[in-house]
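Novice: I have a structure here, written as structure tokens, and I will follow up with some questions on it.
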Amino acid sequence: MTFASGTTYWEALVPGLLIVLLAVTVLPWVNRRNDLARTVAIAVCLFFTWRYMIWRVTDTLPAMGLTADFITGVIFTAVEFAAVFGGSLSLIFLTRTLNRSKEVEANLPWLKAQSEQPLVDVLICTANEDLPILERTIIGALSIDYSNYRLWVCDDGRRPWLQALCEEFGCGYIIRPDNTDAKAGNINNALKHLGTLEETPDFVCILDADFVPKRDLLTRTVALTKVSDVGVVQTPQHFYNPDPIQTNLSLTRVWPDEQRYFFDVVLPSKDAWGGAFCCGTSSLIRYAPLAKIGGMPTDSVTEDYLLSLRLREIGFRTVYLNEILSLGLAPEGLKDYIGQRSRWALGFIQICRSSSGPLRLNNGLPFVDRVMLVETWLHWSASYLCRLLGLIVPALYLLLNVQAIFANVADAVSYVFPHFAAQIAVTIWISRGRLLPILSDLSQVLCADAIVKSVAIGLFGGKQQKFKVTAKGYDRSSRVVQWPLLRAFLFYLGFTFAGILWAFVLNDSRSLADAAGMALFWSWYNILILVLACLVTVEASQRRRGERFKADGMAQVIVGDRGFDYPAHDISVSGMRLNGPMPAPVGTKVKIRYEDLALEAHIAVDYDNAFAVQFATSPGARIALIRHIYCGRFHLHVRDIRPAAVAGALASRLLR
């Protein structure tokens, strides 16, 4: 079939098909760590992206006039242009990447050769977390393998039981009379206390209350401070529980938490450009410049990013070490997940309005930091609004005949298909599957309403906005439905279905143009995303008492005076699962030897050719287990992501 433009369907498909062919046959064999290879791949992607965007601006806008078509078309095109521009900047920064592990290894002899290692004060910041969470973090922090550090718990909850716990473990305890400036104020109060001590620290290490440090956190991060202009060493945030998307879509075993793309792909690239920034917890900060700028900034609810900018203004940089050096709690509920990201959006808009904003030419920020601020501003302000409009625009056409985009099918395929094919192929290749199209769109849709509101508040509201602590560790034993979110997604679903029914079933008098076919395809994709979003709002119950980590190696089960060796399957602070037939009946008391653990237990559950043991409860055993599991090599990181396995898990969840 040939269209008025002279293009056939086949001719329209060719550019996109060629990109898919190259993506399948060439990209898997190219080294994604090579900067030249990344640059070439991203250049091809940007060519097709801007080929598409220029077509959108020059050929698809409605006729000029005070019509609903023109107004909607201009608004949508402008927002899309801003989002594409921001996304292009993001891709340009992805042309480089940096791994500092070799630098750490090279610097370790310098650190060990010092007569006394630099003094580090570790600050655990807490507001309302419960005993099990804080106990884990304190035990982990006391297990750090570093010869010269002090541990302080900074309690904004002013809880007597926490003071008693700190006295029991022998660590410092700091409180203040109020909670002014939230976490930043809590840290600044601790810094004020440290400044009164006979020996002030060389560095401070910030830990959120739920983040358990690995034993080598300080050794690895302090090693990167050999160069005196390093002001912050940031490490990634890894989690010992799945986030709401993983949990509610049954993706825990096949798909990593959403933050992996940022910490494993984006931040190493920003570091390669000299633009890494502090992300709060699990960071090491040089004390002298921190004191020089007056402590943690308080004019943004994302004080961590602003800290890097303020230090940058006086000549100190932030570097990033991408190693698993701590484990924390991801937001457990969808409401908390969305609230956390809304706070990040609000905080960033506050940064742009502050004295460290990208357009404040006298603040001393280097050019690359200004460009990164613009890129991130466009991410929060344009990308989510564009995704929200993307839910509305096709339904507006089908239901109300408001046409924001004028194009025939062949032209649309010729420009849209290569753009999305190149973008998907390159991002999957660079991220090793950490960014997949449906799931990235889903994460945006889940947060879009809230983030658009946060951006508006940041732009037009007062500068003083409340910091809301992300709730962690509360009861998850029953199913919870997030009704306000579910109602919003059902509204979008109903609006989309109404458009399809009206245009293709109920309205016989309306002649359907090419735009109807494109709107139909677009609507069905939106329906898929919205159905998944609805499923995520129905939060699954979690009945296990402790997080389970996949284990390997052999464990010995001692029954009486006989020992039996079994392959370890998984482990938690409450028990362990072993593969093989039980050595004795359920309820039998046994002893477990596994790596450096020697524990009393009893056989609790019999499985098919496997069994579980429950550890005896004692303070000593609990401390040993926390140190072994959370401070050791265990984590929930999904290393090998197979898109087919992710698609299978999503299909299974949709059909349940």
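The values are calculated or read from the model by the stated rules, or taken from the named source; none is laboratory data. Keep in mind it's a predicted model, so treat the numbers as computed, not measured. Cβ: placed from backbone, ideal geometry, glycine included. Neighbour counts: every protein chain shown.
Novice: Out of Ala456, Ala498, which single residue is at pLDDT 95 or above, among the hydrophobic types (A, V, I, L, M, F, W, C) and under 30 Å from Asp181 (Cα atoms)? Break it down into steps so the answer makes sense when it comes.
Specialist: On the way: Ala498 fails: under 30 Å from Asp181 (Cα atoms).
Checking each option against the conditions leaves just Ala456.
Novice: State the number of residues belonging to region 314-345 that are assigned to a helix (DSSP H, G or I) and touching a helix residue (DSSP H, G or I) at 6+ places or on another chain (Cβ under 9 Å).
Specialist: 11
Novice: Restricting to region 364-405, and then to whatever is in a loop (DSSP other than H, G, I, E, B) and touching a Phe, Trp or Tyr at 6+ places or on another chain (Cβ under 7 Å), can you tell me which residue is surrounded by the fewest Cβ atoms within 10 Å (Cβ to Cβ)?
Specialist: Across region 364-405, the extreme among qualifying residues is Gln403.
Novice: Counting only residues that are of a type outside the set (A, V, I, L, M) and in contact with a helix residue (DSSP H, G or I) (Cβ under 9 Å, 6 or more places away or on another chain), which one in region 612-641 is farthest from Ser572 (Cα to Cα)?
Specialist: Among those residues, the one meeting the criterion is His637.
Novice: Further question on the same structure: For Val227, state whether it is under 21 Å from Leu311 (Cα atoms), among the hydrophobic types (A, V, I, L, M, F, W, C) and out of contact with any Leu (no Cβ under 9 Å at 6 or more places or on another chain).
Specialist: yes
Novice: Same structure, new question: Among residues belonging to region 558-567 that are part of a strand (DSSP E or B) and charged (D, E, K, R), point out the one that is farthest from Tyr240 (Cα to Cα).
Specialist: So, considering only residues that are part of a strand (DSSP E or B) and charged (D, E, K, R), the one farthest from Tyr240 (Cα to Cα) is Arg562.
Novice: Pairs needed: first member in region 598-609, more than 17 Å from Gly580 (Cα to Cα) and surrounded by 13 or more Cβ atoms within 10 Å (Cβ to Cβ); second member anywhere, of a type in the set (Ser, Thr, Tyr) and at pLDDT below 95; C-beta distance under 8 Å; at least 6 residues apart or different chains.
Specialist: Qualifying pairs under 8 Å: Glu600/Ser618.
Novice: Return yes when Arg622 is touching a residue at least 12 places away in the same chain (Cβ under 8 Å), outside the structural domain of Tyr261 (by TED's automatic domain parsing), basic (Lys, Arg) and loosely packed, with under 13 Cβ neighbours inside 10 Å and no when it is not.
Specialist: no
Novice: Kindly indicate the residue of region 157-178 that is under 15 Å from Gly140 (Cα atoms) and assigned to a loop (DSSP other than H, G, I, E, B) and also farthest from the chain's Cα centre (by Cα) among those meeting that condition.
Specialist: My answer is Gly170.
Novice: Sticking with this structure for a sec: In region 308-324, how many residues are out of contact with any strand residue (DSSP E or B) (no Cβ under 7 Å at 6 or more places or on another chain), crowded, with 21+ Cβ neighbours inside 10 Å and within 17 Å of Phe211 (Cβ to Cβ)?
Specialist: So the answer is 0.
Novice: Inside region 55-77, can you point out the residues that are of a type outside the set (D, E, K, R) and more than 35 Å from the chain's Cα centre (by Cα)?
Specialist: As a first pass, look at region 55-77 and keep what is of a type outside the set (D, E, K, R): 55, 57-58, 60-68, 70-77.
Scanning region 55-77 gives Thr58, Thr60, Leu61, Pro62, Ala63, Met64, Gly65, Leu66, Thr67, Ala68, Phe70, Ile71.
Novice: Further question on the same structure: Take Ala345 and decide whether it is of a type in the set (A, V, I, L, M, F, W, C), without any contact (Cβ under 8 Å) to a residue 60 or more places away in the chain and at negative phi. Give the steps one after another, and end with the answer.
Specialist: Working: of a type in the set (A, V, I, L, M, F, W, C): yes; without any contact (Cβ under 8 Å) to a residue 60 or more places away in the chain: no; at negative phi: yes.
Considered against the rule, which asks whether it is of a type in the set (A, V, I, L, M, F, W, C), without any contact (Cβ under 8 Å) to a residue 60 or more places away in the chain and at negative phi, Ala345 comes out as no.
Novice: Could you please tell me which pairs satisfy a Cβ distance under 6 Å, a separation of 6+ or placement on different chains, a first residue in region 94-110 that is surrounded by fewer than 15 Cβ atoms within 10 Å (Cβ to Cβ), and a second residue that is among the small types (Gly, Ala, Ser) and part of a loop (DSSP other than H, G, I, E, B)?
Specialist: Once the first residue is surrounded by fewer than 15 Cβ atoms within 10 Å (Cβ to Cβ) and sits in region 94-110, no partner that is among the small types (Gly, Ala, Ser) and part of a loop (DSSP other than H, G, I, E, B) comes close enough.
Novice: For region 36-145, please list each of the helices (runs of 4 or more DSSP H) lying entirely inside it that holds at least 2 residues being closer than 29 Å to Trp273 by Cβ and of a type in the set (A, V, I, L, M).
Specialist: Helices (runs of 4 or more DSSP H) meeting the threshold: 68-93, 101-113.
Novice: Mind checking which pairs have a first residue in region 362-373 that is on the phi > 0 side of the Ramachandran plot and a second that is among the basic types (Lys, Arg) and surrounded by 14 or more Cβ atoms within 10 Å (Cβ to Cβ), Cβ under 9 Å, 6 or more apart or different chains?
Specialist: What qualifies is Gly364/Arg312.
Each row is one residue, and each column tells you yes or no for (1) touching a Gly at 6+ places or on another chain (Cβ under 7 Å); (2) surrounded by 21 or more Cβ atoms within 10 Å (Cβ to Cβ); (3) without any contact (Cβ under 8 Å) to a residue 40 or more places away in the chain; (4) of a type in the set (A, V, I, L, M).
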{"position": "Phe203", "(1), (2), (3), (4)": "no, yes, no, no"}
{"position": "Asp208", "(1), (2), (3), (4)": "yes, yes, no, no"}
{"position": "Val233", "(1), (2), (3), (4)": "no, yes, no, yes"}
{"position": "Leu251", "(1), (2), (3), (4)": "no, yes, no, yes"}
{"position": "Glu258", "(1), (2), (3), (4)": "no, yes, no, no"}
{"position": "Val265", "(1), (2), (3), (4)": "no, no, no, yes"}
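Novice: Can you tell which of Ile54, Ile92, Ile71 is in contact with a helix residue (DSSP H, G or I) (Cβ under 8 Å, 6 or more places away or on another chain) and of a type outside the set (D, E, K, R)?
Specialist: Ile92
Novice: Can Asp145 be described as closer than 19 Å to Tyr630 by Cβ, within 24 Å of the chain's Cα centre (by Cα) and surrounded by fewer than 19 Cβ atoms within 10 Å (Cβ to Cβ)?
Specialist: In short, no.
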